[in-house]
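Please read the structure below before turning to the comments.
The values are calculated or read from the model by the stated rules, or taken from the named source; none is laboratory data. Since the structure is predicted, the reported quantities are computational estimates derived from the model, not experimental observations. All Cβ positions, glycine included, derive from the backbone under ideal geometry; neighbour counts span all protein chains shown. What goes into the accessible areas is simple: the full protein's heavy atoms, side chains included, and nothing from ligands, DNA or RNA. Shrake-Rupley method; radii C 1.70, N 1.55, O 1.52, S 1.80 Å.
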Amino acid sequence: MLYATSMSGQKIAATPGQRAQCPGCGEPVISKCGQINIWHWAHESQSQCDSWSEPETLWHLQWKSLWPAECVEISIEKQGIKHRADVLTPQGTVIELQHSSISVDEIRERERFYGKMIWVFDIQEPYKQDYLHFNEKDAYYTFRWKHPRKHLAYTSKESLWDGGEGWLFLLKKMYSEAPCRGWGKLVQKHDFVEHHAATPAQWAAVGERVRG
């Protein structure tokens, strides 16, 4: 995680040799400040305090670093159940960053809990291995996917795929039967972030550039 809680209760970024507490469970966390990865925090016991957490990759940390600290790793509690959202935008939208495989039941559970949310899935591996092909068709793009991650067809919330080249694929329809195919639109990653990082008062000025 990018942020922890200091002994005085402040939200702090990692610095070398520092210790703090996990804002979710209160357990000790230690700073990881190497020369390659983004500086971050890790549980001292290597545990995960949120059952929805997955081992964080550089991809997670890079995405989180695009938002202000007050939008990142926000605890949300409903009916006594608490989960930590990767990003909570100023408009109240949860952005869920997902690198690992996830079951259909887990997708539905998270969508019910968060309500107003957007998925961002890491598809860099299949895209760069040439299993996933996109083709431009007028104002939209079609795709075919060899060895697809079929769970992506079961999201009911807005779903974007990150191919790692500065663009996002905004999924409109995915047919999971072989051959796996579908269609959607390309949006620029910086436009997406700018749009959702805006405060409610700035919302109209940013425009509708990433909505389809």
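Brief remarks follow.
- Among the residues of the range 154-173, just one is open to solvent by less than 40 Å² (accessible area, probe 1.4 Å), more than 22 Å from Leu58 (Cα to Cα) and without any contact (Cβ under 8 Å) to a residue 24 or more places away in the chain, namely Leu171.
Yes/no per residue for (1) aliphatic (A, V, I, L, M); (2) assigned to a strand (DSSP E or B):
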| site | (1), (2) |
| --- | --- |
| Ser53 | no, no |
| Leu66 | yes, no |
| Ile95 | yes, yes |
| Glu111 | no, no |
| Asp130 | no, no |
| Phe134 | no, yes |
| Phe143 | no, yes |
| Pro148 | no, no |
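- Answer from Leu66, Leu2 - the residue that is among the aliphatic types (A, V, I, L, M), open to solvent by 60 Å² or more (accessible area, probe 1.4 Å) and either in contact with a Ser or Thr (Cβ under 9 Å, 6 or more places away or on another chain) or at pLDDT 85 or above (or both): Leu66
- Meets criteria (closer than 28 Å to Gly24 by Cα, open to solvent by 10 Å² or more (accessible area, probe 1.4 Å) and in contact (Cβ under 8 Å) with a residue 24 or more places away in the chain) for Pro148: no
- Among the residues making up the range 26-45, those that are part of a strand (DSSP E or B), farther than 25 Å from Ile81 by Cα and not hydroxyl-bearing (Ser, Thr, Tyr) are Ile30, Lys32, His40.
- Scanning the range 121-145 for residues that are open to solvent by 40 Å² or more (accessible area, probe 1.4 Å), out of contact with any Leu (no Cβ under 9 Å at 6 or more places or on another chain) and under 14 Å from Gly182 (Cβ atoms) returns His133, Asn135, Lys137.
- Close pairs (7 angstrom Cβ cut-off, 6 or more residues apart or separate chains): closer than 23 Å to Lys189 by Cα in the range 54-82, of a type in the set (Ser, Thr, Tyr) and loosely packed, with under 13 Cβ neighbours inside 10 Å anywhere: Glu54/Ser100
- Residue within the range 178-200 that is aliphatic (A, V, I, L, M), over 30 Å from Ala69 (Cβ atoms) and surrounded by 15 or more Cβ atoms within 10 Å (Cβ to Cβ) present: no
- Residues that are open to solvent by 40 Å² or more (accessible area, probe 1.4 Å) and either closer than 17 Å to Ala85 by Cα or touching a Pro at 6+ places or on another chain (Cβ under 8 Å) (or both) within the range 14-25 comprise Arg19, Gln21, Pro23, Cys25, listed in sequence order.
- Scanning the range 82-100 for residues that are open to solvent by 60 Å² or more (accessible area, probe 1.4 Å) and modelled with pLDDT of 90 or more yields one hit, His99.
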